[in-house]
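Engineer: Please read through the structure below; I'll follow up with questions.
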Amino acid sequence: MRSTYESFIDNTIDPPIRGFLHQPTNPNGIGLVLTHGAGTNCGSSLLIAISEGFANDGFAVLRCDLPFRQVRPFGPPHAVQASRDREGLKRAVEVLRKKVSGKVFLGGHSYGGRQATMLCAEEPALVSGLLLLSYPLHPPRKPEQLRTQHFADLQTKSLFIHGTRDPLGLTSEMEAALEQIPGKKQLVPIEGAGHDLGFQGKKQDPQLASEVLQKFRAFFEI
C-alpha cells in the first residue's frame, strides 16, 4: 500500500504552518520537512514527487509553504521577509519532531534550500541533515554575486542535488563553493537537468525521486 497525504494547517504558532503531511504506511520514524523555491509553492510537481518517494519508503514528510507564500500566492519573496521564512522552517521542524520518533531532516528547492542552509548555519543542532535541491548559488548570468556568505558556518551534513545545466550555478562553480563548508557535504550532479531538475510543467523525470532517495540514504547512512 502506498503512502497517503493530507492537508496540514497549524495556526496556533507564528509563523503558522501550511502544507501537506505525507504519512508512510510503514513508518521508519524519520521525518523530512520540505519546502519550495521563490517562484513556486509546496504544490510543485518536484516537491510532490520527492515527498511521495520518501513517504513510500517510510519517511514522514511535511511539505510546506514558506511564510512569504502564505501571504502572497504569487511573486517572489522580499529580502526583508527572509528571516521570517527561516523562522517558519524552524517551526515546521518543531512540529514534525513531535510526530516522529527518530531523526528530522530539512530540505528545500532553490530559495527554500538557501534559507534552510542559513537557518542551520545559525542553529547547527536543529536537524540531522539538509537535502538541498538546486541550490541558487548566484543569480542567472551574475556568477560574481555568490550566495555563500554563511557557508563557512555551515556544520550540518548537507546533500546537494544539482542539475549540470543549472544557470544559477554550474557544476564547477558548485564544487568550488562547497569547499567553503566545514561540515560533511556531497554534490550529486543530475546530468542534463536545469534548475527545475527535469520537472518543468508536465515534463518530469520519473527516475529523479528514486535517485535522490538512494543518494540520501547512502549519504546519511540510513
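The values are calculated or read from the model by the stated rules, or taken from the named source; none is laboratory data. From a predicted model like this one, the values you see are computed outputs, not experimental measurements. Virtual Cβ from ideal backbone geometry, glycine too; neighbours counted across all protein chains shown.
Engineer: Name the residue that is farthest from the chain's Cα centre (by Cα), counting only residues in segment 14-56 that are of a type in the set (Gly, Ala, Ser) and surrounded by fewer than 22 Cβ atoms within 10 Å (Cβ to Cβ).
Structural biologist: Ranking the candidates gives Gly29 first.
Engineer: Every residue in segment 160-179 that is free of Cβ contacts under 8 Å to residues at least 24 places away in the same chain, of a type outside the set (Val, Ile, Thr) and in a helix (DSSP H, G or I), please.
Structural biologist: Those that are free of Cβ contacts under 8 Å to residues at least 24 places away in the same chain, of a type outside the set (Val, Ile, Thr) and in a helix (DSSP H, G or I): Ser172, Glu175, Ala176.
Engineer: Still on this structure: I need the full set of residues from segment 20-61 which are of a type outside the set (Gly, Ala, Ser), part of a strand (DSSP E or B) and within 13 Å of Leu131 (Cβ to Cβ), in order please.
Structural biologist: Result: Leu32, Val33, Leu34, Thr35, Val61.
Engineer: State all residues of segment 76-97 that are of a type in the set (S, T, N, Q) and either modelled with pLDDT of 95 or more or not in a helix (DSSP H, G or I) (or both); if no residue qualifies, say none.
Structural biologist: Ser83
Engineer: Considering only residues that are part of a loop (DSSP other than H, G, I, E, B), in contact (Cβ under 8 Å) with a residue 60 or more places away in the chain and over 18 Å from Ala38 (Cβ atoms), which ones fall in segment 98-126?
Structural biologist: Of everything in segment 98-126, those that are part of a loop (DSSP other than H, G, I, E, B), in contact (Cβ under 8 Å) with a residue 60 or more places away in the chain and over 18 Å from Ala38 (Cβ atoms) turn out to be Lys99, Val100, Ser101, Gly102, Lys103.
Engineer: So, one more: Is it the case that Ala152 is more than 25 Å from Ser210 (Cα to Cα) and either of a type in the set (A, V, I, L, M) or in contact with an Asp or Glu (Cβ under 9 Å, 6 or more places away or on another chain) (or both)?
Structural biologist: yes
Engineer: Could you list, in sequence order, all residues of segment 147-159 that are among the hydroxyl-bearing types (Ser, Thr, Tyr), part of a loop (DSSP other than H, G, I, E, B) and within 25 Å of Arg217 (Cβ to Cβ)?
Structural biologist: Hit for segment 147-159 is Thr156, nothing else.
Engineer: If you go through segment 57-75 one residue at a time, do you hit one that is at pLDDT below 95 and either crowded, with 16+ Cβ neighbours inside 10 Å or within 25 Å of Asp205 (Cβ to Cβ) (or both)?
Structural biologist: no
Engineer: From (1) of a type in the set (Lys, Arg); (2) crowded, with 18+ Cβ neighbours inside 10 Å; (3) touching a strand residue (DSSP E or B) at 6+ places or on another chain (Cβ under 8 Å); (4) within 19 Å of Ile13 (Cβ to Cβ), pick out the condition that doesn't hold for Arg97.
Structural biologist: Every condition holds for Arg97 apart from (2).
Engineer: Right, something else. Can you go through Ala209, Ala177 and tell me which one is among the small types (Gly, Ala, Ser), at pLDDT below 95 and surrounded by 19 or more Cβ atoms within 10 Å (Cβ to Cβ)?
Structural biologist: Just one listed residue meets the conditions, Ala209.
Engineer: Let me ask something additional. Could you please find all residues in segment 180-206 being crowded, with 18+ Cβ neighbours inside 10 Å and in a strand (DSSP E or B)?
Structural biologist: Across segment 180-206, the qualifying residues are Lys185, Ile190.
Engineer: Looking only at segment 131-143, decide whether some residue is on the phi > 0 side of the Ramachandran plot, assigned to a loop (DSSP other than H, G, I, E, B), in contact (Cβ under 8 Å) with a residue 12 or more places away in the chain and of a type in the set (Ser, Thr, Tyr).
Structural biologist: There is at least one residue in segment 131-143 that is on the phi > 0 side of the Ramachandran plot, assigned to a loop (DSSP other than H, G, I, E, B), in contact (Cβ under 8 Å) with a residue 12 or more places away in the chain and of a type in the set (Ser, Thr, Tyr).
Engineer: Can I ask one more? For a quick check of your reading of the model, give me the residue pairs whose first member lies in segment 45-57 and is in contact (Cβ under 8 Å) with a residue 60 or more places away in the chain and over 10 Å from Pro27 (Cα atoms), whose second is outside any helix (DSSP H, G or I) and among the aromatic types (Phe, Trp, Tyr), with beta-carbon atoms closer than 6 Å and at least 6 apart or on different chains.
Structural biologist: These pairs meet every condition: Ser45/Phe199; Leu46/Phe199.
Engineer: I'd like to know if segment 207-214 contains one or more residues that are in contact with a Lys or Arg (Cβ under 9 Å, 6 or more places away or on another chain) and in a loop (DSSP other than H, G, I, E, B).
Structural biologist: Checking segment 207-214: not a single residue is in contact with a Lys or Arg (Cβ under 9 Å, 6 or more places away or on another chain) and in a loop (DSSP other than H, G, I, E, B).
Engineer: Considering only residues that are more than 19 Å from Leu213 (Cα to Cα) and hydrophobic (A, V, I, L, M, F, W, C), which ones fall in segment 160-193?
Structural biologist: Hits for segment 160-193 are Leu168, Leu170, Met174, Ala176, Ala177, Leu178, Ile181.
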